[in-house]
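Report on the following structure.
The values are calculated or read from the model by the stated rules, or taken from the named source; none is laboratory data. All figures in this text were calculated on a predicted structure; none of them were measured in a lab. All Cβ positions, glycine included, derive from the backbone under ideal geometry; neighbour counts span all protein chains shown.
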Amino acid sequence: MLFNSYEFIFLFLPITLIGYFVLGRYGKGFGAGWLGLSSIFFYAWWDYRYVLLLGASIVGNYWFGCHIARAHGTRKGRILLGVAVTTNLLLLAYYKYADFFINTINVAAGADLPLLHIVLPIGISFFTFTQLAFLVDAYQGKAAEYRFVYYVLFVTYFPHLIAGPVLHHKEMMPQFDMDRNYRARIRNFEIGLTIFTIGLCKKVLLADSLAEYANPVFSDPSPQSLLVAWGGVLAYTFQLYFDFSGYSDMAIGLSRLFGVKLPLNFNSPYKADNISEFWRRWHMTLSRFLRDYLYIPLGGNRHGPARRHLNLMVTMLLGGLWHGAGWNFVIWGGLHGLYLVVNHTWVEARSRMGFGRRSAWGRVAGVALTFLAVTVAWVFFRSPDLPTALGLLKGMVGINGVELPAALVARLGFIQPMLESLGVDSYLGGTTRFVMTYAWVAAAAFIAFAMPNTQEIMRRFDPALEDPRATMAPSLALDRLTWSPRLGWSMAIGLLLGAGLLSLSRPTEFLYFQF
């Protein structure tokens, strides 16, 4: 079931809300139990057969977590943690990576092993990582024992179940145990519906529109010229941005309707002026998980620059593989690992040479360079295979030449000779698609770089659990676009909601559902 669908908005959501608040009056356990069962139904809507897998994962991890918490810090606790983590990872590896490993062996060894063609259970990466964090926290004595009904809700909670954020036990369990969260509050509805509406419009009005200009470039095997390749890649760059930003907003808004705050997961990452800051802004809870449960246990930055760089590369390679079972995702992760190594080396060099703070123009250059590096890496992330990615990169560096639609060149008139002298060729057809591609890219870039993001718009009302590393990004008209519960804002959000609902005739999945 999609957040951007009529059955979710007009059936599932209101029924779930009514049941939650009505049953919550008879006790927190009843309200939490209803929300947990509703979340399981939400998951079963996709494929009821995998509810048993989800249920087994929950029961097994809860049992391990309780026993690990009682034996935390002991040899028995370490053994139980090792067994539980290994079991989770083997389960994830089977469903997500079995065919990838078999295919890799076939290619490397010339074997002909049959593929298993396993259907990937939706959301398995997210509910597995959420429970792995719980198990480690239990061993470290950070996770108190709560009733089983709260744990079921913690794992299955539908606003996060399919595409995140990756939750921490300590963030959510206390909220599920608060009496006040089982009482309907008008302010929560105002804030939640506003954030949900903004996210819905990002998805259906921006991301889905950009997809029309990104998809053809990645599905066309023929060589792409410079401007065509860049147009398609930039369209995808902003499609993914608004798709994931929209999902993150919708999840936070939906959760707020129930009185529960989710952690902030997206904070204008394209405004980052270095790659480290980008990862503090993009998929923030996954970055936090990789840092706390992989990078730091590997040694972090405690053993010198060389070891730190190795730890960064390993972390990002595994982070890339988490996103998908394919070598293109491994390369994407490796590129980001390389970017981080270069960034840390540059920061250390600047420090040794005694350079001070960068100027405003230096920050602009940093934003542009970071955006360029991220965009190049997205080519591998989106491409269905390596030949497609490499072919697009050839086009982006001009190996396939520079072309413009013939009709557009004819309209340019007086500069046509100059274009010809620069080696710009022309081709028949495609004028409307070419112009619309760059029009949508320009509009999306303006919103992403110049406008305040959702948490900045809602900043006076504490919309989410903020990461202490999160910072406000410079934007135009921030004060003027700060939300308040007034008539003007109500009318504007109502119009946006209407536009979003009218665009739901053909709901599309969120891009992060595949991970």
>> Please verify whether TYR247 is of a type in the set (Ser, Thr, Tyr), under 18 Å from the mean Cα position of the chain (by Cα) and under 27 Å from TYR157 (Cα atoms), treating the condition exactly as stated.
In response: yes
> How about the stretch 167-181: which of its residues are in a helix (DSSP H, G or I), touching a helix residue (DSSP H, G or I) at 6+ places or on another chain (Cβ under 8 Å) and either surrounded by fewer than 17 Cβ atoms within 10 Å (Cβ to Cβ) or modelled with pLDDT of 95 or more (or both)?
Replying inline: LYS170, ASP179
> Which members of the stretch 444-467 meet the condition of being in contact (Cβ under 8 Å) with a residue 40 or more places away in the chain and either in contact with a Lys or Arg (Cβ under 6 Å, 6 or more places away or on another chain) or assigned to a loop (DSSP other than H, G, I, E, B) (or both)?
Replying inline: ASN453, MET458, ASP462, PRO463, ALA464, LEU465, GLU466, ASP467
> Considering the stretch 18-34 alone, what residues qualify as being part of a helix (DSSP H, G or I) and either free of Cβ contacts under 8 Å to residues at least 24 places away in the same chain or closer than 20 Å to SER248 by Cα (or both)?
Replying inline: ILE18, GLY19, VAL22, LEU23, PHE30, TRP34
> Using beta carbons and a limit of 8 Å, which pairs, at least six apart or on different chains, have the first residue in the stretch 348-375 and under 16 Å from LEU234 (Cα atoms) and the second one among the polar types (S, T, N, Q) and in a loop (DSSP other than H, G, I, E, B)?
Replying inline: THR370/ASN274
> Any idea how many residues of the stretch 293-324 are touching a residue at least 12 places away in the same chain (Cβ under 8 Å) and either closer than 21 Å to ALA133 by Cβ or within 17 Å of the chain's Cα centre (by Cα) (or both)?
Replying inline: 18
> Any idea which of (1) surrounded by 18 or more Cβ atoms within 10 Å (Cβ to Cβ); (2) at pLDDT 90 or above is the one VAL409 doesn't satisfy?
Replying inline: (2)
> Which residue out of ILE252, ILE198 is in a helix (DSSP H, G or I), closer than 30 Å to THR432 by Cα, of a type in the set (Val, Ile, Thr) and touching a residue at least 12 places away in the same chain (Cβ under 8 Å)?
Replying inline: ILE198
> Only one of TYR6, TYR26 is at pLDDT below 95 and closer than 19 Å to ASN181 by Cβ; which?
Replying inline: TYR26
>> For the condition in a loop (DSSP other than H, G, I, E, B) and either buried (at least 18 other Cβ atoms within 10 Å of the Cβ) or not small (Gly, Ala, Ser) (or both), what is the one hit in ARG358, ARG363, ARG433, ARG350?
In response: ARG358
>> Take the conditions surrounded by fewer than 19 Cβ atoms within 10 Å (Cβ to Cβ) and modelled with pLDDT under 95 and apply them to THR345. Does it pass?
In response: yes
> Of the residues GLY164, GLY141, GLY73, which is part of a loop (DSSP other than H, G, I, E, B), under 26 Å from GLY253 (Cα atoms) and out of contact with any Cys (no Cβ under 7 Å at 6 or more places or on another chain)?
Replying inline: GLY164
> If a residue has to be in a helix (DSSP H, G or I), acidic (Asp, Glu) and more than 19 Å from TRP322 (Cβ to Cβ) to count, how many in the stretch 98-112 make the cut?
Replying inline: 0
> Any idea how many residues of the stretch 95-121 are in contact (Cβ under 8 Å) with a residue 24 or more places away in the chain and loosely packed, with under 12 Cβ neighbours inside 10 Å?
Replying inline: 1
> All but one of (1) of a type outside the set (Ser, Thr, Tyr); (2) assigned to a helix (DSSP H, G or I); (3) within 21 Å of VAL155 (Cα to Cα) hold for LEU2; which doesn't?
Replying inline: (2)
